[in-house]
Amino acid sequence: MIRANLIKREFQGGYQARQWLAPALLMILAIQLLALGLRYRETRQQQKMHNVAAQSLIALKAEAEKLAINDDLQTLAGKVVARNNWLLDRRNSPLARLAKLQKDCPNNVSFVSYGADLSGGKIILTAPDLNSVSGWLNSHFGNLGNFSVVGREGNLLVLQFLWSG
């Protein structure tokens, strides 16, 4: 009999424990599922950020490879020489020379005609005297030209200047 009482008490105590154990376990399960969901969301965001960073890195590496100089030094030197020659030709182009001449043109001097290429040219202009024009043109062309008087137009001289180089 004593034994039956003990079993009965154990059973009733266990029954009362089961009444509050199920809701407690359900609450713990809900908390764990919530924590798992938050962790999953955080992991997905980190994966997205990692993928974006990896794509950016690939794009930057591709751009760096595109900008890298893969030419040998002789080819690069040839490109530099070609660029320098182009700049020199541009600086000595007929249009650039005409622009410089018109910018520094003395008073009472006017251009009648201008014809030039990279190796030389001819200017016909009117001026009151030969001295002012000769100094101005020699400063531009470095004494590489010849003057000649073509004629007169009113009180002005019509001058021709030929240069080469």
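The values are calculated or read from the model by the stated rules, or taken from the named source; none is laboratory data. Quick caveat: nothing in here was measured; it's all calculated off a predicted structure. Because the Cβ atoms are built from the backbone with ideal geometry, glycine has one as well, and the counts that use them run over all protein chains shown.
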> (1) modelled with pLDDT of 80 or more; (2) loosely packed, with under 12 Cβ neighbours inside 10 Å: which one isn't true of Leu67, the others all being true?
Replying inline: (1)
> Would you pick out the residues in segment 149-164 that are loosely packed, with under 10 Cβ neighbours inside 10 Å and among the charged types (D, E, K, R)?
Replying inline: none
> Assuming Asn108 fulfils every condition listed in (1) under 41 Å from the mean Cα position of the chain (by Cα); (2) in a loop (DSSP other than H, G, I, E, B) apart from one, which condition is it?
Replying inline: (1)
>> For segment 98-136, give me each residue that is touching a helix residue (DSSP H, G or I) at 6+ places or on another chain (Cβ under 8 Å) and farther than 13 Å from Ser164 by Cα.
In response: Lys100, Leu101, Asp104, Cys105, Pro106, Val109, Phe111, Tyr114, Leu125, Ala127
